[in-house]
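K.L.:
Shown below is the structure under consideration.
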Amino acid sequence: MRSGIEKQVIQYLYTDRELSCAALSERIEKSVPMVMHALNQLMKRGWVRSAGYAPSTGGRKPLLYSLVPEAQYIVAVAMDQLFTRIQVLDWLHQPITQLETIALPLHDNEQATDTLIMAIQKHLQSSAVDESKILGIGIGMPGFVHIQQGVNYTFLPAPHGQSLREYLEKELHLPVMIDNDSSLIALAELRFGMAKNRKHVMVINVGWGTGLGMIVNGTLFRGHTGYAGEFSHIPISENKILCECGKRGCLETETSLLLLAEKAKEEISQGKVSQLSTLFRANMHAVDAVLEAANNGDEYAIELLSDVGYKLGKGIAILIHIMNPELVVLSGRGAKAGKILLAPIQHALNKYCIPRLLENTEIAVSKLGFEASLIGAANLVVENLFEWI
């Protein structure tokens, strides 16, 4: 069993890449000799190395430490309702295997769990990664995920009597952590992105649906039973469309990129003039086609996204009134067209928000973008070192 200080050293070096002993001591709130002892133990194990000296600030240059990239690897898996991405990363967040994307629909798919297992096994078998050095597998997935129980109550059924996490660990012979995809996107933003060193941030996962990860007092907020953040199902729509949750009036029925793409395909088939007609024929996924066309200046695609942005902004106005965040981050797949979404979102906020609340809230597009889900999945493993090391 590793000491608690060693685990915290690993976690801080993973997120900050390079730190001095003094900086680690300050973060961990342990004495410099205790932290130095932990560093020495980790260096003997081959997990930590010295990384040279920091620039001088007038006194003696502090020696920096970092993780050894090839000492341990992490399998990051990012799932949504239609596709799953798999990649192995080292301890400096660098890819060791080529990103693999497979079609894996989750709705009404009893074979989804076994398909996921086979995909991960195949990915590892085709790579040159030493599996004895794999620290664990982090998986972000849509649905009601109970992280402590290791269960997804919406998708990915496990054999009777086993939690999803237990079944995955049994079949893959590796430690596994699962979490909601939007929560992991928020975790990535908190550790590596726009929310780093911020206290109160709402991270919007703009994707097939509309997810939310909430950062409160500098930590990921999950709520009483772990399901906080079901932003997409707040009942503010007047369109009466039946949502996949079984209710009507959900925000998702107006902001889902999947529904936007379906609308685009229907109107293109009826003769709407747009770059999308060419992109659809190129077998590009309809959502990606809309995002690309909008970024290329296609007027129709921009109109579609602007409509989504305005309605999304109406929902964000509710969040601002309730949570009073300092920052709202647009992340996930839709961040690719984030700049186009910003103007209509701001328009809606100007209309629906109390100015005193809005004036101190920043709206920004994620710099991590679509990669946030993979980054969060990998970080989930490091965040849970106490589970298995």
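K.L.:
Between LEU89, LEU39, which is assigned to a helix (DSSP H, G or I), surrounded by 15 or more Cβ atoms within 10 Å (Cβ to Cβ), modelled with pLDDT of 95 or more and of a type outside the set (Ser, Thr, Tyr)? Spell out the reasoning first.
P.N.:
Working: LEU89 fails: assigned to a helix (DSSP H, G or I).
After ruling out the rest, the residue left standing is LEU39.
K.L.:
Quick check on this structure: which one of PRO142, PRO105 is in contact (Cβ under 8 Å) with a residue 60 or more places away in the chain and under 16 Å from PHE83 (Cβ atoms)?
P.N.:
Numbers: PRO105 fails: in contact (Cβ under 8 Å) with a residue 60 or more places away in the chain.
Sole residue among the options that is in contact (Cβ under 8 Å) with a residue 60 or more places away in the chain and under 16 Å from PHE83 (Cβ atoms): PRO142.
K.L.:
Related question: Report whether or not ALA348 is out of contact with any strand residue (DSSP E or B) (no Cβ under 8 Å at 6 or more places or on another chain) and either in contact (Cβ under 8 Å) with a residue 40 or more places away in the chain or open to solvent by less than 70 Å² (accessible area, probe 1.4 Å) (or both). Quick ask: steps written out before the conclusion?
P.N.:
Values: out of contact with any strand residue (DSSP E or B) (no Cβ under 8 Å at 6 or more places or on another chain): yes; either in contact (Cβ under 8 Å) with a residue 40 or more places away in the chain or open to solvent by less than 70 Å² (accessible area, probe 1.4 Å) (or both): yes.
Judged against the criteria, ALA348 is a match.
K.L.:
Related question: Going through MET202, MET214 one at a time, which residue ends up being touching a helix residue (DSSP H, G or I) at 6+ places or on another chain (Cβ under 9 Å), at pLDDT 95 or above and open to solvent by 10 Å² or more (accessible area, probe 1.4 Å)? So that I can check it myself, show each step before the final result.
P.N.:
On the way: MET202 fails: open to solvent by 10 Å² or more (accessible area, probe 1.4 Å).
Checking each option against the conditions leaves just MET214.
K.L.:
Identify all residues within segment 138-154 that are among the polar types (S, T, N, Q) and not in a strand (DSSP E or B); write none if there are none. Give the derivation first.
P.N.:
Step one: filter segment 138-154 for residues among the polar types (S, T, N, Q), giving 148-149, 152, 154.
Result: GLN148, GLN149, THR154.
K.L.:
Right, here's the next one. Is at least one residue of segment 119-137 assigned to a strand (DSSP E or B), β-branched (Val, Ile, Thr) and farther than 30 Å from CYS245 by Cα?
P.N.:
Within segment 119-137, the first condition is being assigned to a strand (DSSP E or B), and the residues that meet it are 134-137.
When the remaining residues are screened for being β-branched (Val, Ile, Thr), the result is 134, 137.
Cutting the leftovers down to farther than 30 Å from CYS245 by Cα gives us 134.
Looking for residues that are assigned to a strand (DSSP E or B), β-branched (Val, Ile, Thr) and farther than 30 Å from CYS245 by Cα, one finds at least one in segment 119-137, hence yes.
K.L.:
While we're looking at this one, here's another question. Return the residue satisfying two criteria in turn: it lies in segment 326-356 and is under 19 Å from the mean Cα position of the chain (by Cα) and not in a helix (DSSP H, G or I), and of such residues it is modelled with the lowest pLDDT.
P.N.:
Going through the qualifying residues, I end up with GLY332.
K.L.:
Let me ask something else. Does any residue in segment 279-290 that is in contact (Cβ under 8 Å) with a residue 24 or more places away in the chain come within less than 6 Å, Cβ to Cβ, of a residue that is open to solvent by 60 Å² or more (accessible area, probe 1.4 Å) six or more places away or on a different chain, and which pairs are these?
P.N.:
ALA286/LYS265
K.L.:
Hey, any hits in segment 369-383 for a residue that's within 21 Å of THR219 (Cβ to Cβ), open to solvent by 60 Å² or more (accessible area, probe 1.4 Å) and in contact with a strand residue (DSSP E or B) (Cβ under 6 Å, 6 or more places away or on another chain)?
P.N.:
Taking segment 369-383 first, the residues within 21 Å of THR219 (Cβ to Cβ) are 372-373, 375-383.
Next, only the ones that are open to solvent by 60 Å² or more (accessible area, probe 1.4 Å) stay: 383.
If we keep only those that are in contact with a strand residue (DSSP E or B) (Cβ under 6 Å, 6 or more places away or on another chain) too, we end up with none.
Scanning segment 369-383, I find no residue that is within 21 Å of THR219 (Cβ to Cβ), open to solvent by 60 Å² or more (accessible area, probe 1.4 Å) and in contact with a strand residue (DSSP E or B) (Cβ under 6 Å, 6 or more places away or on another chain), so the answer is no.
K.L.:
Scan segment 155-186 for residues that are assigned to a helix (DSSP H, G or I) and open to solvent by 20 Å² or more (accessible area, probe 1.4 Å) and jot them down.
P.N.:
Narrowing segment 155-186 to residues assigned to a helix (DSSP H, G or I): 164-172, 181-186.
If the condition is that a residue be assigned to a helix (DSSP H, G or I) and open to solvent by 20 Å² or more (accessible area, probe 1.4 Å), then ARG165, GLU166, TYR167, GLU169, LYS170, GLU171, ASP181 are the ones that fit.
K.L.:
For the subset of segment 357-377 comprising residues that are among the polar types (S, T, N, Q) and farther than 18 Å from ILE318 by Cβ, which member is nearest to the chain's Cα centre (by Cα)? Let's see the steps before the verdict.
P.N.:
As a first pass, look at segment 357-377 and keep what is among the polar types (S, T, N, Q): 360-361, 366, 373.
Then drop every residue that is not farther than 18 Å from ILE318 by Cβ, which leaves 366, 373.
Details: SER366: 11, SER373: 3 Å.
Per the criteria, the residue is SER373.
K.L.:
I would also like to ask the following. For segment 73-84, what are the residues that are open to solvent by 20 Å² or more (accessible area, probe 1.4 Å) and either modelled with pLDDT of 95 or more or among the aromatic types (Phe, Trp, Tyr) (or both)?
P.N.:
Scanning segment 73-84 gives TYR73, PHE83.
K.L.:
Tally time: how many residues in segment 220-231 are in contact (Cβ under 8 Å) with a residue 24 or more places away in the chain, open to solvent by 20 Å² or more (accessible area, probe 1.4 Å) and on the phi < 0 side of the Ramachandran plot? Break it down stepwise before answering.
P.N.:
At the first step, the residues of segment 220-231 found to be in contact (Cβ under 8 Å) with a residue 24 or more places away in the chain are 220, 222, 225-227, 229, 231.
Narrowing the set further to residues that are open to solvent by 20 Å² or more (accessible area, probe 1.4 Å) leaves 220, 222, 225-227.
From what is left, the residues that are on the phi < 0 side of the Ramachandran plot are 220, 222, 225, 227.
Of the residues in that region, 4 qualify.
K.L.:
Looking at (1) part of a loop (DSSP other than H, G, I, E, B); (2) buried (at least 24 other Cβ atoms within 10 Å of the Cβ), which is the only condition GLU189 fails?
P.N.:
(1)
K.L.:
Please work out which residue is farthest from LEU67 (Cα to Cα), limiting yourself to segment 42-53 and to residues that are open to solvent by 20 Å² or more (accessible area, probe 1.4 Å) and not basic (Lys, Arg).
P.N.:
Initially, segment 42-53 is screened for residues open to solvent by 20 Å² or more (accessible area, probe 1.4 Å), giving 43-47, 49-53.
Imposing the further condition that a residue be not basic (Lys, Arg) reduces the set to 43, 46-47, 50-53.
On the way: MET43: 9, GLY46: 9, TRP47: 6, SER50: 9, ALA51: 9, GLY52: 13, TYR53: 15 Å.
Selected residue: TYR53.
The values are calculated or read from the model by the stated rules, or taken from the named source; none is laboratory data. Quantities reported herein were computed from a predicted structural model and do not represent experimental measurements. Here the Cβ is made from the backbone with ideal geometry for all residues, glycine too, and neighbour counts use every protein chain on show. Ligands, DNA and RNA are stripped out before the accessible areas are found, and what is left, the full protein with its side chains, is counted by its heavy atoms. Shrake-Rupley method; radii C 1.70, N 1.55, O 1.52, S 1.80 Å.
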